[in-house]
Amino acid sequence: MTTLTAIRPRLAPFAVITGAYVLCHGLVALLVTPLQTRLLGDVTAFASLLYLPHGVRVLATWYWGWLAALPLCLGAFLAELLFSSTPIGTITHPVLLGSILMGAVSAPLTFELFRRFNTPLGRHGSRQVRWTGLIAAGAVSSVINSVGQTLIFGGLILSEQFLSVLVLYALGDLIGLVVCMVFMMLVFRHLRTRGI
């Protein structure tokens, strides 16, 4: 019974992070990507200009640290299963698994770098984090993720598209983070006005 009692507090954040990632990926796959393809063509097949799951990555890491990498990996894997036309055999291909892992560790790695270089995300001496600090961490995480993803998919990207794909990854991650953060600020504001 003590093992279950110890695990239970970690299950809720694990489920919320996994579910939020799958939901945000679904919104991108079903709404953003078709609209983006219609407007910009296939030049962005590897990246989205509004990648909401990056916001989940950064906020989950802020909340749960390195532990967030596990539900982020699971969420990305489930999202690929649910929203990709990739057959199950292909989903376990090393390139795709490398992509999932890169996405999941980019934010925790960034927060670790910020900690090691004593880069504050909020007020000095306070555990309270400023939104601007999270956006800065998200931007650095986006660059790390973008470089990693571009290298992972390097053999699949034409050399003349390499730079544009790198920029699109970074831009989509950052815009996705800002949209998630604005949404969360509105939710928190609503909860405060209701006294919750």
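The values are calculated or read from the model by the stated rules, or taken from the named source; none is laboratory data. All of these numbers come straight from a predicted model, not from anything done at the bench. Here Cβ is always computed from backbone atoms with ideal geometry, including for glycine, and neighbour counts include all displayed protein chains.
Does any residue of region 92-103 turn out to be at pLDDT 95 or above and polar (S, T, N, Q)? Within region 92-103 (the criterion being at pLDDT 95 or above and polar (S, T, N, Q)), the answer is no, since none of the residues qualifies. Listed by first and then second residue, the pairs with beta-carbon distance under 9 Å, at least 6 apart or on different chains, first residue in region 29-40 and of a type in the set (D, E, K, R), second at pLDDT 90 or above and crowded, with 16+ Cβ neighbours inside 10 Å, form an empty list.
Taking the residues in region 10-25 that are among the β-branched types (Val, Ile, Thr) and within 12 Å of residue 63 (Cβ to Cβ) as candidates, determine which candidate is surrounded by the most Cβ atoms within 10 Å (Cβ to Cβ). Checked region 10-25; the qualifying residue surrounded by the most Cβ atoms within 10 Å (Cβ to Cβ) is 17.
Pairs, please: C-beta under 6 Å, at least 6 apart or cross-chain, first residue under 19 Å from residue 55 (Cβ atoms) and without any contact (Cβ under 8 Å) to a residue 60 or more places away in the chain and in region 160-184, second in a helix (DSSP H, G or I) and not hydroxyl-bearing (Ser, Thr, Tyr)? That search, which allows pairs on different chains as well, returns 170/143.
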